[in-house]
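Each remark here refers to the structure printed beneath this line.
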Amino acid sequence: MNPHACEYLRRIEPCQWSRSHFSEWPKSDNITNNNAEVFNGCIKKMRGKPIITMLEEIRCYIMRILARNKKALVGYMGRITPVQQSRLEVEKRYSNHWRPFPTGDLAGNIFEVQCLPIKVSVDLGKKTCSCRFWQLNGLPCRHACAALAYQNRRPEEYANNWLTIGAYNKTYEFLVQAVPSKEFWEKHGYANILPPAYKRPSGRPTVKRNKRNDAPEPQPDPHRVKRKYGQIVCQYCLIAGHNSRTCQKKKDDMAAPKEAGPAAVPDAAPTAVLDAAPAAPAAPVTAPSMVIPNPDPLIPP
């Protein structure tokens, strides 16, 4: 176990990251902000425009999305939405490995479902299961599907109302009203509302959100350490905190001769021939003579 990850999770409430502590009210076992991230990504190009233009483009974008989603499931005849239906089909397929045993209660709703050595308790009347999948998602789990199949009941009828096609249509029952352009606005005799004075800050405007308060990103490679650089020391003045390209002392020293100008050059520069005695002519250099030894002493050299 990673001790840093453990310490990080201890600072967060378990109800925000542990499925065992999730609330059973929202009927969702996955808590994310994907909807907000997708919306922010779609309006990223609009945020840099003037305020009225930006609001108009965002309004048109929302209007198109609502109309598209409303039209998508007009002819759908199922009780629950297609995504939830596909998830339920997976649970129904895995329910074949589980055997339900009724406990003999008066209503006939409590079952013990077994897939040895695992046993769970299912209550069809309260729509609960000891695995808590049914309570968290609103869909019957594989154990509940096995108990419902024992009684020849359809699991779709036991799904939560928030997952039905009626709840989907109720979500998109409202619409965004059409707004005519300013050429058709009503005229009045009052003074025009001017925008507030705007002072542009220095630097390039940012288009990305601030991520300093987000959770730390996971390290892609646990065996690779992030490169760290030591303190920068200038090679010219040997002072830490800057390099030789930005060294102010180097710039001052280079600018000093230019500021002095022609005054730094002596007025009486020697241009004539010096009154020195002429140098004596050099003696000729002779190469040393080479003596070749006589190999035969009987022959005179």
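The values are calculated or read from the model by the stated rules, or taken from the named source; none is laboratory data. Here the structure is a predicted model, which means the values were calculated and not measured. All Cβ positions, even for glycine, are placed from backbone atoms using ideal geometry, and neighbour counts span all protein chains on display.
So which residues in region 88-104 are hydroxyl-bearing (Ser, Thr, Tyr) and within 14 Å of residue 122 (Cβ to Cβ), if there are any at all? Please lay out each step first, then the result.
Step one: list which residues in region 88-104 are hydroxyl-bearing (Ser, Thr, Tyr), which gives 94-95, 103.
Answer for region 88-104, where residues must be hydroxyl-bearing (Ser, Thr, Tyr) and within 14 Å of residue 122 (Cβ to Cβ): 95, 103.
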_So, in region 67-89, how many residues would count as being under 19 Å from residue 160 (Cα atoms) and outside any loop (DSSP other than H, G, I, E, B)?_
9
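Got at least one residue in region 115-132 being closer than 24 Å to residue 74 by Cβ, of a type outside the set (S, T, N, Q) and touching a residue at least 60 places away in the same chain (Cβ under 8 Å)?
For region 115-132, residues closer than 24 Å to residue 74 by Cβ, of a type outside the set (S, T, N, Q) and touching a residue at least 60 places away in the same chain (Cβ under 8 Å): absent.
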_Which count do you get for residues in region 121-141 that are in contact with a strand residue (DSSP E or B) (Cβ under 7 Å, 6 or more places away or on another chain) and farther than 26 Å from residue 16 by Cβ?_
3
*Pull up region 92-131, narrow it to residues that are among the small types (Gly, Ala, Ser) and more than 14 Å from residue 153 (Cβ to Cβ), then point me to the one that is farthest from the chain's Cα centre (by Cα).*
104
*Could you list, in sequence order, all residues of region 163-193 that are of a type in the set (A, V, I, L, M) and either in contact with a strand residue (DSSP E or B) (Cβ under 7 Å, 6 or more places away or on another chain) or modelled with pLDDT under 85 (or both)?*
163, 165, 193
*asked:* Every residue in region 107-142 that is touching a Gly at 6+ places or on another chain (Cβ under 9 Å) and among the β-branched types (Val, Ile, Thr), please.
replied: 110
*Just checking, how many residues over region 215-265 are at pLDDT 85 or above, touching a helix residue (DSSP H, G or I) at 6+ places or on another chain (Cβ under 8 Å) and in a helix (DSSP H, G or I)?*
2
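What number of residues within region 14-47 are out of contact with any helix residue (DSSP H, G or I) (no Cβ under 8 Å at 6 or more places or on another chain) and either closer than 25 Å to residue 132 by Cα or in contact (Cβ under 8 Å) with a residue 24 or more places away in the chain (or both)? If you could, list the steps in order and put the result at the bottom.
Step one: list which residues in region 14-47 are out of contact with any helix residue (DSSP H, G or I) (no Cβ under 8 Å at 6 or more places or on another chain), which gives 16, 18, 25-26, 30, 32-41, 44-45.
Next cut, either closer than 25 Å to residue 132 by Cα or in contact (Cβ under 8 Å) with a residue 24 or more places away in the chain (or both) only: 16, 18, 25-26, 30, 32-34, 40, 44.
Matching residues across region 14-47 total 10.
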*When you go through 104, 125 one by one, which is the residue that is under 30 Å from residue 169 (Cβ atoms) and either surrounded by fewer than 13 Cβ atoms within 10 Å (Cβ to Cβ) or small (Gly, Ala, Ser) (or both)?*
125
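State yes or no: is residue 53 among the hydroxyl-bearing types (Ser, Thr, Tyr) and in a helix (DSSP H, G or I)? Steps first, please.
Values: among the hydroxyl-bearing types (Ser, Thr, Tyr): yes; in a helix (DSSP H, G or I): yes.
Taking the combined requirement at face value, the residue satisfies it.
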